[in-house]
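Remarks on the structure that follows.
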């Protein structure tokens, strides 16, 4: 009888080559693994190279701002290079001195007050509104929720004129006191930011209703359920809302420009405009330096809380 020798047959412990001279199964598998590994390395290198190029393009304006803050005023427009042989910190000294009779720290304090109160208002009012929409059944709940979501499609410039007329009529526009911040903050404390309400509503809807029912059996009402159960579980949503509310309020330019008329109550973003004067010389170097200083609190705030955004605190205590 003729014995057929397969590709993977072995005689006396020795691997036998197929009669056709083709490589064995083990050799083909090894070559495939090496080829797949090489393709993976090439894809990884290309991905990181493209990511670095995109990062450079996106970060170039910020780098240009930082390096421009070190240049003399006449080189910012005339010298396209990032680096300058005459770099110094004089612009930062001028920025700290301020403008229009107010120091940098006066503008910084105004921005900090508006941003921090915006965070407090958003977290308090929007969380209460979200609890009502997600946990309390009342007539017209869905209609009111749809109307609230519809305000997201309404441009800010459409309502700015009616709002200005109302605030100006009651005497809240302008002035040298901190009451001039009321038009910037009253909407935060009245849950007028539909984005944050929607964010918290969607988060609360992901929490089990069994928690509410167990609390009601124990005699807890809506205030106790909200403060003792919902707020601790809403920490990721609250931190996310706080980060966005702080950054948006800190970087806001249009609303403070409309409602703040006194330089004593200007925020940093409005104060930056004072360094550009079309009728005379503009101090671009000091403006760039103040812009860099204004960017630092936003970065510190984000770095301090960015890990909380992706935290799984809401579900970590629900596993039995």
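What number goes with the only condition from (1) closer than 18 Å to residue 173 by Cα; (2) at pLDDT below 90 that residue 234 does not pass?
(1)
Give me the pairs: first residue in region 168-189 and at positive phi and at pLDDT below 90, second residue buried (at least 16 other Cβ atoms within 10 Å of the Cβ) and outside any helix (DSSP H, G or I), beta-carbon distance under 8 Å, and six or more apart or on different chains, which are they?
174/260
Within region 88-104, can you find the residues that are in a loop (DSSP other than H, G, I, E, B) and exposed (fewer than 15 other Cβ atoms within 10 Å of the Cβ)?
Hits for region 88-104 are 88, 89, 100, 101, 103.
Looking at region 129-149, which of its residues are touching a helix residue (DSSP H, G or I) at 6+ places or on another chain (Cβ under 8 Å) and exposed (fewer than 15 other Cβ atoms within 10 Å of the Cβ)?
136, 138, 141, 144, 149, listed by residue number.
Looking at (1) crowded, with 16+ Cβ neighbours inside 10 Å; (2) closer than 27 Å to residue 213 by Cα; (3) free of Cβ contacts under 8 Å to residues at least 60 places away in the same chain, which is the one condition that is false for residue 197?
The one condition residue 197 does not meet is (3).
Name the residue that is farthest from the chain's Cα centre (by Cα), counting only residues in region 221-270 that are outside any helix (DSSP H, G or I) and surrounded by fewer than 19 Cβ atoms within 10 Å (Cβ to Cβ).
Once the filter is applied, the top-ranked residue is 221.
The values are calculated or read from the model by the stated rules, or taken from the named source; none is laboratory data. Owing to the predicted nature of the structure, the values given are computational and were not obtained by experimental measurement. Using ideal geometry, Cβ is built from the backbone for each residue, glycine included, and neighbour counts are taken over all protein chains shown.
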